[in-house]
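I have placed the structure first, in the form of structure tokens, so that the comments after it can refer back to it.
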Amino acid sequence: MIEDWTEKYRPQTLKDVIGNPAAVKELRAWAGSWQSGTPSKRAAVLAGPPGIGKTTSAIALANDMGWGVVEMNASDQRTGSILRDVAIKGSRFNTFSETGEYLDARSGGRKLIVLDEADNLFGTADRGAMPVINELIRTTEQPVVLIVNDLYALTRKSAAVKSDVLRIDFRRPTQRAIAAALAAIAGKEGIEAGPAVLDRIAADADGDMRAAVRNLESLSLGTGRITMDSLGALGGRNVRKDMFDVVGAVFRNNDHVQARRTLMDVDTDPENAILWIDENLPYEYTDPGDLVRGYEKLSRADIFLGRVRRRQYYRFWAYASDLMTVGVASARMNGPPSRGRLRFPAYLSMMSRSRAMRTLKRVTLSKLAVLNNTSARRVESDILHYTRQLCLQSDDYRRMLIRDAGLEPDELGFLMGMKADSKLVRSSFEPPAETAPAPPEADRGPVPEPDTQAVDPKKSQSNLFDF
Amino acid sequence: MNEIWTEKYRPRTLGEVVGQKHVTERLKAYVAAGNMSHLLFTGPAGTGKTTCALAMAKEMFGDEWRGNLMELNASDERGIDVVRGKIKEFARTAPLGSASFKIIFMDEADALTSDAQAALRRTMERYSRICRFILSCNYASKIIDPIQSRCAIFRFSPLSHDDLREYLERIIELEGVDIDEDALEGLIHVARGDLRKAVNALQVSASMGRTITLDTVYQTTGMADPEAVKTMLETALGGDFFRAREMLDSIMIEYGLSGQDVIRQVHSTFFELSITDSEKVRLVDKTGEIEFRIVEGSNERIQLEALLAYLVMIGGGRR
């Protein structure tokens, strides 16, 4: 058994976590508040990019406090009932069954419940997880830590995360902090590597501490020394930098054909590259004619990318690549070369924020597709609009969908444009109470049969009988 | 001839791997140390990613390599269930024999759904004491950041002319293949750094049972003589549609090429012609459109004639 360095040098105590002093301080204060009963915020969410110490800090916190840890992550199936068994029972009772899955759950004492990768709960595979997480956040008797890269993926599913959870942001450590940490590890491992070498490894990691340690390990294993020359063994980790090279070659180089070769040399595909070129094009081409010509080429490139997607005919990538590089580069005829900074595609950040939303939409559409005996695509184009309105108008209709299509709260929430834990969505999942006043917007008609909806027949025609 | 040459001559050790010296030197050091980190191999087809993974596992584990290596192809097993089930199961069980860890080699890792990639993250860390991953893909950009963060990334480049040549010469000698110098060079040119393609083309050419000439190579690889293609394009740009069309016919009939084969070569030839950059771009765009129509349409000759007509027009603007 040989320890992997990213594990071997994973800080065991918060004192040793690199960078992020503010986040660590907040985390400690929150943990301290558990010493005197249950604090108002029972859960904390640690948010930030990969490799900067979120999971490490959570486990280190438990060590410092002498707490046990119950961890669940995306490699475990996390349906509602599994989560309930592990997390909620674990949070309520001090005895806890020991299986291989639980890390170091000490008997008695406090336990830190860690839901790692909480932004990666997957549609049907993790059915019903969100309501259980909401319940956990509000009622847990043990400290709970949620860990996410993409906080929005979680908050859009749950108002509780936004209102009832302590948010702690983790940031990328500086290059200097990373280089210093690398020097310490190099010292312990007896690796010969000069400061310039360590600086380069730190710079290449682009703020990702784990990646930096990984590179130090993989460059030195078996040799015990790293030189500037041997750094070349590893491919570029800094894709961001590579992409700036491509954009630079397109917009800032007189040899237009060179841009084509630069793209070929970079470890990326044209679907990613076009986003970078698109982002920068309007800043670079200030002359309207240049802009029109540039976008014409980009538009053509996009057509070829679409053809690849639809047909899985990858030959078209070559045309797309040429059009977005040489095509755009040679479209500049009038404008002066720009000197501004090159930009990171805003679209990429937007897409990463909306990823969970897109998954939710896909799953919801496919459930409605089964119910309507048609395809998800047809549901989206012809049926979704009506289903939405019916959901908003009729409680009975919502109950029918929950029963017959097996909709989950976040899916119903998606249809209604509301959070999964909003009052209206939740009420549709509760048994209808005789005495409870009907919601004001509810359909007051007779209780409908599932197949003959008590809804406007004009709407249901196209909706339910569309083959 | 009852063997697949690419398998028969797949290097068994890291020392035999062609090219990628910067990679193999590191991998050899891992074998010497008896240790490695998680690895991500990126690069185009036929550059040695699978070969290096297999060779390293064999050297690392000796006779016990089979039990300690799990090979998966992510394009066949791409869902989250595989990651939570099969992979996790293998990762968490102890290595066999004297090995101190096991290796999971996942080919075409970019075919994993992003959900499945996300589910892989903690498994990679949780069981890293006893299990290391080697992921292989064409583009690192298709792998989510948290996975890249956990791996050392090795970039495999297309093989150089000399590396391809050295390797092919060895097979030619061992198999007693009769091939002339031009044909060998043609083979290397056609392969464009993809060793698997080169070896497959060599095996097919050799199976035709006579001295391999340049023509044999073009026939077996679906290529026309690059000079013939270039002459055809220049003739059309020079305004002679009929002559250019005759050349097209002879290329398609003599070499037995499909329209898609021809257009592929036409595309790569534009960058060798002495025309302006914006003309190159217009031609690339048009050629892509014509290739699309070949895929959609029924008569590829008509589509290629349309391209020649376009070349006549472009050339007319220059005369």
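The values are calculated or read from the model by the stated rules, or taken from the named source; none is laboratory data. These numbers were taken from a predicted model, which means no experiment stands behind them. Every residue, glycine among them, receives a Cβ derived from its backbone with ideal geometry; neighbour counts consider all protein chains shown. Just the protein is used for accessible areas: all its heavy atoms, side chains included, with ligands, DNA and RNA removed. Shrake-Rupley method; radii C 1.70, N 1.55, O 1.52, S 1.80 Å.
If I filter the range A:253-264 for residues that are within 11 Å of chain B (Cβ to nearest Cβ), open to solvent by 30 Å² or more (accessible area, probe 1.4 Å) and touching a strand residue (DSSP E or B) at 6+ places or on another chain (Cβ under 9 Å), do I get at least one hit?
no
Name the residues in the range A:177-229 that are at positive phi, within 11 Å of another protein chain (Cβ to nearest Cβ) and in contact (Cβ under 8 Å) with a residue 12 or more places away in the chain, would you? Break it down into steps so the answer makes sense when it comes.
Start the filter on the range A:177-229 by keeping residues that are at positive phi, which leaves A:190, A:206-207, A:222, A:224.
Remaining after also requiring within 11 Å of another protein chain (Cβ to nearest Cβ): A:206-207, A:222, A:224.
Passing the criteria: A:D206, A:G207, A:G224.
Whether any residue in the range B:173-182 is surrounded by 21 or more Cβ atoms within 10 Å (Cβ to Cβ) and not β-branched (V, I, T) is what I want to check.
No, the range B:173-182 contains no residue that is surrounded by 21 or more Cβ atoms within 10 Å (Cβ to Cβ) and not β-branched (V, I, T).
Being open to solvent by 30 Å² or more (accessible area, probe 1.4 Å) and either outside the structural domain of B:G62 (by TED's automatic domain parsing) or hydroxyl-bearing (S, T, Y) (or both): is that true of B:S157 here?
Details: open to solvent by 30 Å² or more (accessible area, probe 1.4 Å): yes; either outside the structural domain of B:G62 (by TED's automatic domain parsing) or hydroxyl-bearing (S, T, Y) (or both): yes.
For B:S157, the condition - open to solvent by 30 Å² or more (accessible area, probe 1.4 Å) and either outside the structural domain of B:G62 (by TED's automatic domain parsing) or hydroxyl-bearing (S, T, Y) (or both) - is met.
Please go through the range A:292-301 and give me each residue that is in contact with an Asp or Glu (Cβ under 9 Å, 6 or more places away or on another chain) and open to solvent by 30 Å² or more (accessible area, probe 1.4 Å), ordered by number. Before the answer, list the steps.
Taking the range A:292-301 as the starting set, the residues that turn out to be in contact with an Asp or Glu (Cβ under 9 Å, 6 or more places away or on another chain) are A:294-295, A:297-298, A:300-301.
Once the filter is applied, which keeps residues that are in contact with an Asp or Glu (Cβ under 9 Å, 6 or more places away or on another chain) and open to solvent by 30 Å² or more (accessible area, probe 1.4 Å), the range A:292-301 yields A:Y295, A:K297, A:R300.
Taking the criterion of being among the polar types (S, T, N, Q) and open to solvent by 10 Å² or more (accessible area, probe 1.4 Å), would at least one residue in the range A:61-68 satisfy it?
Here is the first cut: in the range A:61-68, the residues among the polar types (S, T, N, Q) are A:63.
Add one more test, that the residue is open to solvent by 10 Å² or more (accessible area, probe 1.4 Å), and what stays is A:63.
Among the residues of the range A:61-68, at least one is among the polar types (S, T, N, Q) and open to solvent by 10 Å² or more (accessible area, probe 1.4 Å), which makes the answer yes.
Which one of these does A:S338 not meet: (1) within 30 Å of B:R282 (Cα to Cα); (2) hydroxyl-bearing (S, T, Y); (3) part of a helix (DSSP H, G or I)?
(3)
Among the residues in the range B:76-85, are any open to solvent by 20 Å² or more (accessible area, probe 1.4 Å) and more than 14 Å from every other protein chain (Cβ to nearest Cβ)?
yes
Are any residues in the range B:121-151 more than 21 Å from A:L234 (Cβ to Cβ), within 8 Å of another protein chain (Cβ to nearest Cβ) and either open to solvent by 10 Å² or more (accessible area, probe 1.4 Å) or in contact with a Phe, Trp or Tyr (Cβ under 8 Å, 6 or more places away or on another chain) (or both), and if so, which ones? Break it down into steps so the answer makes sense when it comes.
Restricting attention to the range B:121-151, the residues satisfying the condition of being more than 21 Å from A:L234 (Cβ to Cβ) are B:122-123, B:126-127, B:129-131.
Then drop every residue that is not within 8 Å of another protein chain (Cβ to nearest Cβ), which leaves B:122-123, B:126, B:129-130.
Correct list: B:R122, B:R126, B:R129, B:I130.
Out of the range B:203-219, which residues are free of Cβ contacts under 8 Å to residues at least 40 places away in the same chain and exposed (fewer than 14 other Cβ atoms within 10 Å of the Cβ)?
Passing the criteria: B:M208, B:G209, B:R210, B:T211.
Working only within the range A:413-431, note down all residues that are open to solvent by less than 30 Å² (accessible area, probe 1.4 Å), part of a helix (DSSP H, G or I) and more than 14 Å from A:L365 (Cβ to Cβ).
A:G413, A:M416, A:V425, A:S428
Let me spell it out: the conditions are (1) farther than 17 Å from A:R214 by Cα; (2) modelled with pLDDT of 90 or more; (3) in a loop (DSSP other than H, G, I, E, B); (4) of a type outside the set (V, I, T), and A:P39 meets all of them except one. Which number is the exception?
(2)
What number of residues within the range A:225-244 satisfy the criterion of being outside any helix (DSSP H, G or I) and at pLDDT 85 or above?
So the count comes out to 4.
Do you know which residues across the range A:40-60 are more than 14 Å from chain B (Cβ to nearest Cβ), open to solvent by 20 Å² or more (accessible area, probe 1.4 Å) and free of Cβ contacts under 8 Å to residues at least 60 places away in the same chain?
If the condition is that a residue be more than 14 Å from chain B (Cβ to nearest Cβ), open to solvent by 20 Å² or more (accessible area, probe 1.4 Å) and free of Cβ contacts under 8 Å to residues at least 60 places away in the same chain, then A:S40 is the only one that fits.
Go through (1) in a helix (DSSP H, G or I); (2) surrounded by 23 or more Cβ atoms within 10 Å (Cβ to Cβ); (3) at the interface with chain A (Cβ under 9 Å from one of its Cβ atoms) for B:M36 and report which single condition fails.
Of the numbered conditions (1) in a helix (DSSP H, G or I); (2) surrounded by 23 or more Cβ atoms within 10 Å (Cβ to Cβ); (3) at the interface with chain A (Cβ under 9 Å from one of its Cβ atoms), the odd one out for B:M36 is (1).
Restricting attention to the range B:58-75, which residues are in contact (Cβ under 8 Å) with a residue 40 or more places away in the chain and either touching a Cys at 6+ places or on another chain (Cβ under 6 Å) or surrounded by fewer than 21 Cβ atoms within 10 Å (Cβ to Cβ) (or both)?
B:K58, B:E59, listed by residue number.
Those residues that are of a type in the set (A, V, I, L, M, F, W, C) and within 8 Å of another protein chain (Cβ to nearest Cβ), I need them from the range A:298-311; list them, please. Reasoning before the result, please.
First, pick out the residues of the range A:298-311 that are of a type in the set (A, V, I, L, M, F, W, C): A:298, A:301, A:303-305, A:308.
The answer is A:F304, and nothing else.
Among the residues of the range A:63-70, is any among the small types (G, A, S), in a helix (DSSP H, G or I) and modelled with pLDDT under 90?
No: the range A:63-70 contains no residue that is among the small types (G, A, S), in a helix (DSSP H, G or I) and modelled with pLDDT under 90.
Please enumerate the residues belonging to the range A:158-188 that are open to solvent by 60 Å² or more (accessible area, probe 1.4 Å) and in a helix (DSSP H, G or I). Steps first, answer last, please.
Looking only at the range A:158-188, we keep the residues that are open to solvent by 60 Å² or more (accessible area, probe 1.4 Å), and these are A:162-163, A:167, A:171-172, A:174-176, A:180, A:188.
Hits for the range A:158-188 are A:K162, A:S163, A:Q175, A:R176, A:A180, A:K188.
If you go through the range B:260-281, how many residues are touching a helix residue (DSSP H, G or I) at 6+ places or on another chain (Cβ under 8 Å), within 15 Å of A:R260 (Cα to Cα) and open to solvent by 30 Å² or more (accessible area, probe 1.4 Å)?
Adding up the residues that qualify gives 3.
Within the range B:154-169, is even one residue among the charged types (D, E, K, R) and facing another protein chain (nearest Cβ under 9 Å)?
Taking every residue of the range B:154-169 in turn, at least one turns out to be among the charged types (D, E, K, R) and facing another protein chain (nearest Cβ under 9 Å).
Would you confirm, using the coordinates I've provided, whether B:V23 is open to solvent by less than 10 Å² (accessible area, probe 1.4 Å) and within 11 Å of another protein chain (Cβ to nearest Cβ)?
yes
Which members of the range A:230-252 meet the condition of being open to solvent by 20 Å² or more (accessible area, probe 1.4 Å) and either away from every other protein chain (no Cβ under 11 Å) or not hydrophobic (A, V, I, L, M, F, W, C) (or both)?
Within the range A:230-252, A:S230, A:G232, A:G236, A:R237, A:N238, A:R240, A:K241, A:D242, A:F244, A:D245, A:R252 meet the criteria.
Looking only at the range B:253-274, decide whether some residue is over 28 Å from the mean Cα position of the chain (by Cα), within 14 Å of another protein chain (Cβ to nearest Cβ), of a type in the set (V, I, T) and under 20 Å from A:K297 (Cβ atoms).
So far as the range B:253-274 goes, no, none of its residues is over 28 Å from the mean Cα position of the chain (by Cα), within 14 Å of another protein chain (Cβ to nearest Cβ), of a type in the set (V, I, T) and under 20 Å from A:K297 (Cβ atoms).
Let me confirm something: among A:Y314, A:Y295, A:Y319, which residue is part of a helix (DSSP H, G or I), among the aromatic types (F, W, Y) and more than 9 Å from chain B (Cβ to nearest Cβ)?
A:Y295
Any idea which of (1) within 13 Å of another protein chain (Cβ to nearest Cβ); (2) of a type in the set (A, V, I, L, M, F, W, C); (3) surrounded by 18 or more Cβ atoms within 10 Å (Cβ to Cβ); (4) out of contact with any Asp or Glu (no Cβ under 8 Å at 6 or more places or on another chain) is the one B:A118 doesn't satisfy?
(4)
Specify which of the listed residues (B:L248, B:L308) is modelled with pLDDT of 90 or more, touching a helix residue (DSSP H, G or I) at 6+ places or on another chain (Cβ under 7 Å), open to solvent by less than 40 Å² (accessible area, probe 1.4 Å) and closer than 27 Å to A:L298 by Cα.
Unique residue meeting the criteria: B:L308.
Scan the range A:1-50 residue by residue and report those that are aromatic (F, W, Y) and closer than 23 Å to A:P173 by Cα.
Of all residues in the range A:1-50, those aromatic (F, W, Y) come to A:5, A:9, A:30, A:34.
Within the range A:1-50, A:W5, A:Y9, A:W30 meet the criteria.
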